[in-house]
Amino acid sequence: MRVLEQICTMTSRIGRRQFIRFAGVGSLAGAGLALSRASQGNRPAAASHQFPRLLIGCTAFSFGKVLAAGKMSMEDFILECAEMGVLGAEMTAYWLKSTDRAYLLSLRHLAFTNSVILAGVGSGPDSRLHLLEAEKAKRREAQEEIKRWVDITERLGASHMRIFAGSVPDGVSAAQGTDWAVESMKVVCVSTRPRRASHWAWRPMGGSP
């Protein structure tokens with residue numbers, strides 16, 4: 001009886017149609033899970049790595065045009081992810097209006113209250129700084145910028161940060177450019193080792209190795 005009272009309270013808060021839609025999706029998901037387990041039979045645990053657990057997310061870059069035009073905010077993006085029903089959201093750094101602590105924590109709280117995981121951050125380094133700069137001093141500046149974004153990523157509660165390596169300068173081989181990028185990544189990883197945001201991905205841009 002108490003359970004029924006709780007359900008009635010829930011439906012009055014979220015609306016009967018919305019509740020039925022969510023309940024229907026949950027029933028289908030449960031049925032699918034049961035069928036999936038039945039089809040797996042008694043597969044040994046050692047074989048589980050053959051069946052990767054792929055979860056759906058969305059990057060803010062997918063809404064780049066409306067974000068750039070000021071027709072959508074990062075708050076809107078998080079709510080859109082919740083509406084679409086995706087599990088995670090990648091916060092592309094271009095459209096963060098600030099890196100202040102209060103703003104970042106407000107985004108994290110909004111995501112939490114809407115059951116959206118901030119899965120990662122697509123960061124710089126700063127557009128003027130890249131890991132493939134021919135001058136070592138500039139590469140050091142880029143490393144410091146990346147370290148700053150590691151802190152931002154951790155404050156958002158995300159587990160990884162995506163980095164743009166830059167383009168290989170004229171007259172520099174792809175192998176040399178790769179060495180520069182790897183060298184910088186090692187420096188940053190060592191200095192940010194205590195951080196939770198420790199899963200890295202770096203993406204070369206046009207002309208990069």
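Here are a few things to note about the model shown:
- Subset of the range 38-72 [modelled with pLDDT under 70, surrounded by 10 or more Cβ atoms within 10 Å (Cβ to Cβ) and part of a helix (DSSP H, G or I)]: GLN40, SER48
- Residue in the range 141-160 that is more than 18 Å from GLY57 (Cα to Cα) and outside any helix (DSSP H, G or I) present: no
- Test set (1) surrounded by 15 or more Cβ atoms within 10 Å (Cβ to Cβ); (2) not in a helix (DSSP H, G or I) - LEU110 fails condition number: (2)
- Selection within the range 163-193 - outside any helix (DSSP H, G or I) and of a type in the set (Gly, Ala, Ser): ALA165, GLY166, SER167, GLY171, SER173
- When MET161, MET185 are checked against the criterion of being crowded, with 16+ Cβ neighbours inside 10 Å and under 25 Å from ALA102 (Cα atoms), MET161 stands alone in meeting it.
The values are calculated or read from the model by the stated rules, or taken from the named source; none is laboratory data. No experiment lies behind these values; they were computed from the predicted model shown. Glycine gets a Cβ as well: all are built from the backbone with ideal geometry, and neighbour counts include every protein chain shown.
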